[in-house]
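Enquirer: Dropping a structure here in structure tokens format, bear with me for questions.
The values are calculated or read from the model by the stated rules, or taken from the named source; none is laboratory data. Since the structure is predicted, the reported quantities are computational estimates derived from the model, not experimental observations. No Cβ is skipped: glycine too gets one built from the backbone with ideal geometry, and neighbour counts run over all protein chains shown. Ligands, DNA and RNA are excluded from the accessible area calculation, which covers all protein heavy atoms including side chains. Shrake-Rupley method; radii C 1.70, N 1.55, O 1.52, S 1.80 Å.
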Amino acid sequence: MKILISNAHVLHPDGSVREGNIAIEGNKIAAVGEIPASWQPERTIDAKDRLAVPGFVNAHTHASMTLLRSYADDMKLMDWLQQKIWPIEAKMRNEDIYWGAMLAAVEMIQGGTTTFADMYGPDMEKVAEVVAESGLRAILSRGLIGVVPDADEKIAENVALFKNWHQKAEGRITVMFGPHALYTCPPDYLHKVAEAAKSLGAEIHIHMSETRGEVEECLKQYGKRPFAHVAATGLFDNGTLAAHCVHLDDEDISIIKKYGIRVAHNPGSNMKLASGIAPVPRLLAEGVCVALGTDGASSNNNLDMLEEVNLAAMLHKVASYDPEAVPAGEALRMGTAYGAKAVGLSDVGLLKEGYKADIVLFDMTSPAWMPRHDPVSLLVYSANASSVDTVIVDGRILMEKRELLTLDEERILFETKRRVEHLLAH
């Protein structure tokens, strides 16, 4: 379909905002700014008083963990995982995964997220079904644990996920391999994962250096810091998306740069779990691709990417006593263009001719948007997700004027409640 977004305030790749139009043809942006008179749309969206930005890319989350939102809070990470999260996750079945991901899809669309990188346990094919039905774009990986009896079966499931879903749903799904972390995956297992991924040409999504304790235990057990330890297994040879990367030293950063590892920064989750503050300004200054993620809704406790953009801008200012540490425009790029690069998408994340039509329109008519000295500043520091008006992914309108067009929100909320009741009763 040919769609014209007219009279919008458009965020351009250079960071400037100018009034203009966006022409969409099929799943791509055909033109930005002045549209040739010969180009005739089939549908026009009047975007007066709307800010058009690329859709947010949530570079690290666990979508189906929405079912565990508020289930366990204010705990240390390993206590939270071992005492609360892992035991109840062991009870989750494919219907739980499906409806948890459906709930996440509603929240993400309403918050302006158009792409998400998801790592979770079994039944990831149910998440793929949600992606296909919702119209979202996703990077999916089966969470792999190497210290359990069926560890090799989990790798086989990730292989099957790749073969069944990679580049499916009109090309909106990418499949990676998801070794959970070095403390749940022994080195021999990481090597097996690396070989399986390499054989398929797939990349890796892994948690790295999230807590101080993780680093200390790795040094104690293997005599190396996490990045040096994992590099020796060959896991980084395939292309890597590394979540968290909070506790880094010079050697770690050198390895990140050597292998071109992309970092998914999770400020909200890191703050809530008291994991620490990642050295984001330094990583950015040294040319590392740093994206943003929400982590799961049980450790955040939402999937609001605009909030993560705001936190990324604010947290590093106070941590460094430097108000210029992460400016608003840079934080927004972390949530859009850098996010797309981090998850391996070369034609997503910018409002630019030839790029995929993943576009969000923000309603700028509320008091938080006045006066309009600087629309990017207003988006990052003043607005919230309720300003999201219209969401387009791959040229398809998923939400218009706050109305979801691909998902039945009432049904999803009902089924979510039912699944949680069943989960807690067993």
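Enquirer: Could you work out how far the C-alpha centroid of region 270-299 sits from that of region 383-426, in angstrom?
Expert: Each part reduced to its Cα centre gives a spacing of 26 Å.
Enquirer: Pick from Ser366, Ser134, Ser298 the residue whose mean-square fluctuation is largest in a GNM of the chain, springs joining Cα atoms under 10 Å.
Expert: Highest fluctuation among the options: Ser366.
Enquirer: Relative to the longest principal axis of the C-alpha atoms of the chain, give the angle of the C-alpha long axis of helix 151-165, reported between 0 and 90° and rounded to the nearest 10°.
Expert: Relative to the chain, helix 151-165 is tipped by roughly 20 degrees.
Enquirer: On to the next question. Counting Lys +1, Arg +1, Asp -1, Glu -1, what net charge surrounds Gly15 among other residues with beta carbon under 10 Å of its beta carbon?
Expert: Working: positive: Arg333; negative: Asp14, Glu330.
Local charge sum for Gly15: -1.
Enquirer: Cross-link list Lys84/Lys126; Lys76/Lys417; Lys2/Lys272; Lys198/Lys356; Lys198/Lys257; Lys192/Lys224: which exceed 32 angstrom alpha carbon to alpha carbon?
Expert: Table pairs above 32 Å Cα-Cα are Lys2/Lys272.
Enquirer: In units of 2.2 N^0.38 Å, what is the alpha-carbon radius of gyration of region 29-93?
Expert: My calculation over the Cα atoms of region 29-93 gives 2.10.
Enquirer: Let me ask something else. Using only Cα atoms, tell me the angle between helix 409-425 and the longest principal axis of the chain; keep it within 0 to 90° and round to the nearest 10.
Expert: Its long axis makes an angle of about 20 degrees.
Enquirer: At a temperature of 10 °C and a viscosity of 1.306 mPa s, determine how fast the chain diffuses translationally according to Stokes-Einstein, using the Kirkwood radius over alpha-carbon pairs as Rh; express D in µm²/s, rounded to the nearest whole number.
Expert: Result for D is 73 µm²/s.
Enquirer: Of the DSSP beta bridges with both residues in the chain, give the percent that are antiparallel, rounding to the nearest 5.
Expert: Counting DSSP beta bridges with both partners in the chain, the antiparallel share is about 45 percent.
Enquirer: Given the DSSP H assignment, sum -39500 (n - 2.57) over each helix run of at least 4 residues in the chain and divide by its residue total; what's the result at 222 nm in deg cm²/dmol, nearest 500?
Expert: -10500 deg cm²/dmol
Enquirer: Oh, and also: Using 0.36 nm times the number of residues separating Asn302 and Glu409, minus their current alpha carbon distance, what extension gain do you get?
Expert: Values: separation 107, 0.36 × 107 = 38.52 nm, distance 1.67 nm.
Length difference between fully extended and current span is 36.8 nm.
Enquirer: Springs between alpha-carbon atoms under 10 Å, Gaussian network over the chain: tell me which of Thr390, Thr174, Thr233 tops the mean-square fluctuations.
Expert: Thr233
Enquirer: Related question: So what is the relative contact order for region 63-343, in percent, with contacts set as C-alpha pairs under 8 Å and at least six apart?
Expert: 16
Enquirer: Under a point-charge model restricted to the Cβ atoms of Lys and Arg (+1) and Asp and Glu (-1), what is the dipole moment magnitude of the chain relative to its Cα centre, in debye to the nearest 20?
Expert: The calculation lands at about 280 debye.
Enquirer: Pairs of Cα atoms under 8 Å, at least six residues apart: use those to get the relative contact order of region 293-426, whole percent.
Expert: 16
Enquirer: So, one more: Antiparallel DSSP bridges in region 1-144: what percent, to the nearest 5?
Expert: 45
Enquirer: Using a basic spin-label model with each label point 7 Å from the Cα along Cα→Cβ, how many nm lie between Asp73 and Tyr222?
Expert: The two pseudo-label positions are separated by 3.5 nm.
Enquirer: While we're here: All other residues with a Cβ under 14 Å from the Cβ of Asn301 taken together, and with Lys, Arg as +1 and Asp, Glu as -1, what is their net charge?
Expert: Working: positive: Arg69, Lys84, Lys272; negative: Asp73, Asp74, Glu107, Asp295, Asp304, Glu307, Glu308.
Taking every Cβ under 14 Å from that of Asn301, the sum is -4.
Enquirer: Using a 10 angstrom cutoff on alpha carbons, build the Gaussian network for the chain and name the most mobile of Gly339, Gly287, Gly20.
Expert: Greatest mean-square fluctuation among the candidates belongs to Gly287.
Enquirer: Report the full-extension gain for the segment Trp86 to Arg18: residue separation times 0.36 nm, less the Cα-Cα distance, to one decimal in nm.
Expert: Going from the current span to full extension adds 19.6 nm.
Enquirer: With the other protein chains left in place, how much accessible area per residue, in square angstrom, belongs to region 63-343 at a 1.4 angstrom probe?
Expert: 35
Enquirer: Estimate the FRET efficiency between Ser6 and His373 by the formula 1/(1 + (r/R0)^6), using the beta-carbon distance for r and 22 Å for R0, to the nearest 0.05. Don't skip to the answer; put the middle values down first.
Expert: Details: r = 24 Å, r/R0 = 1.09.
It comes to 0.35.
Enquirer: Return a whole-number percent for the relative contact order of region 346-406, with Cα pairs under 8 Å and 6 or more residues apart as the contact set. List each step's numbers first, then the result.
Expert: On the way: 76 pairs, mean separation 18.3, N = 61.
About 30 percent, as a whole number.
Enquirer: Which residue, Gly287, Ala368, Leu103, has the largest displacement toward the positive end of the dipole of the chain when charges sit on each Cβ (Lys, Arg +1; Asp, Glu -1)?
Expert: Going by the Cα projections, it comes out as Gly287.
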